[in-house]
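Just below is one structure, and these are the notes that go with it.
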Amino acid sequence: MKRPDATQLALIAALIAFLVLGLLLPKWLFLLTLSLGKGLVVLGLMLLLRTGLVSFGQGLFYCLGAYAVGSLGQFFVIKDALLLLLTGVAIGALVALLLGFLMAKYRDIFFAMLSLAFSMILYGLLVKSAALGSTDGFNVPPPTLFGSPVGGAAHQYALFALACVMVFVAALVLHAYFETPLGRLSPAIRDNEIRVEYMGASVRQAIHVKYVIAGALAGLGGALTAMTVGHIDPDLAYWTTSGEFVFVAILSGTGSVIAPFLGSVVFEVIRTYAYQYSPNTWQLVVGGALLLVIIFLPSGLWSVFGYLRRRGSA
């Protein structure tokens, strides 16, 4: 039996640490759960970045996952948390599968702008949809876990624990995917996709698969966010939301499947405290933090661990 590698062991340790942290700091459950949801979107974005693609439209799938949860609860009285999360995955993957036939043809700024255009189309449709609350959106009915509504502290922790498990599984699966021949094509496509074609691999097919995976992860993140916040609105698909995910991806780095969640937690903590102590200039604080990371850690926060590992082995 193959022994777990360093990343798998780190994921197990992170899962245990988060579950314990949730028990010790119940007031942080909301922030941590929200960070995990957004980290899932950034995890998919990291997959695209490794392939040399930047998507400014991940808010599309994020919003679809959130609205799928809200619509099922509001109109069909389906509230089971696990079922809702899986629905978010399915919706994100299905829409990405359909759009991927077109998106896989484009690269660079064209890929980025086209992804943004699809996201803004969804935003426009939701703003004009009175049945879905138009610009105000609507409240998401509380999900149920094991037949009980998520309301008290115990059930809030149960939702957080479910989020931790879903994140653990998603990160573990993506880490395994990176070790497959298709997963290993990412840096090769980024560096020289013509050579990849000469090797006999289909670049368009590989990008299509990666786009679907990223869409599924964003749908899952949107579903988790909707259940955590309890309210959804069209701003989930707005360009600033997608830009935030790119922001966190740059902050995190692409060195590990753990990096997106580290960056997401750091980002939410910085933004929360910046807004609390400097509500009029909190964007300046967040922008300054990103600027410092770009200057001193151009490969993202995760590069710190690589530096420490190299020093330890020296």
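The values are calculated or read from the model by the stated rules, or taken from the named source; none is laboratory data. Just so you know, these numbers come straight off a predicted model, no measurement behind them. Here the Cβ is made from the backbone with ideal geometry for all residues, glycine too, and neighbour counts use every protein chain on show.
Looking at the stretch 12-26, I want the residues that are under 11 Å from residue 258 (Cβ atoms) and have a partner that is acidic (Asp, Glu) with Cβ atoms under 7 Å, at least 6 apart or on another chain. Which pairs are those?
Listed by first residue and then by second, the contacts come to nothing, as the list is empty.
Quick one: in the stretch 63-80, which of the residues that are touching a strand residue (DSSP E or B) at 6+ places or on another chain (Cβ under 7 Å) and buried (at least 24 other Cβ atoms within 10 Å of the Cβ) is farthest from residue 100 (Cα to Cα)? Give the steps one after another, and end with the answer.
Pass one, the stretch 63-80, residues touching a strand residue (DSSP E or B) at 6+ places or on another chain (Cβ under 7 Å): 66-67, 70, 74, 79-80.
Narrowing further to those that are buried (at least 24 other Cβ atoms within 10 Å of the Cβ): 66-67, 70.
Numbers: 66: 21, 67: 21, 70: 25 Å.
Result: 70.
Kindly establish whether residue 69 is assigned to a helix (DSSP H, G or I) and within 17 Å of residue 160 (Cα to Cα). Write out each step before concluding.
Numbers: assigned to a helix (DSSP H, G or I): yes; within 17 Å of residue 160 (Cα to Cα): yes.
When the stated conditions are applied, residue 69 passes them.
Need pairs with beta-carbon distance below 7 Å; first residue under 18 Å from residue 254 (Cβ atoms) and hydrophobic (A, V, I, L, M, F, W, C) and within the stretch 285-313, second in a loop (DSSP other than H, G, I, E, B) and modelled with pLDDT of 80 or more; sequence gap 6+ or separate chains.
Once the first residue is under 18 Å from residue 254 (Cβ atoms) and hydrophobic (A, V, I, L, M, F, W, C) and sits in the stretch 285-313, its partners that are in a loop (DSSP other than H, G, I, E, B) and modelled with pLDDT of 80 or more give 293/300; 293/301; 301/253; 302/253; 302/255; 302/256; 304/297.
One line per residue, one yes/no per condition, for (1) surrounded by fewer than 15 Cβ atoms within 10 Å (Cβ to Cβ); (2) assigned to a helix (DSSP H, G or I); (3) polar (S, T, N, Q); (4) out of contact with any Gly (no Cβ under 6 Å at 6 or more places or on another chain):
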site: 36; (1), (2), (3), (4): no, yes, no, yes
site: 61; (1), (2), (3), (4): no, yes, no, no
site: 97; (1), (2), (3), (4): no, yes, no, yes
site: 110; (1), (2), (3), (4): yes, yes, no, yes
site: 117; (1), (2), (3), (4): yes, yes, no, yes
site: 120; (1), (2), (3), (4): no, yes, no, yes
site: 135; (1), (2), (3), (4): yes, yes, yes, yes
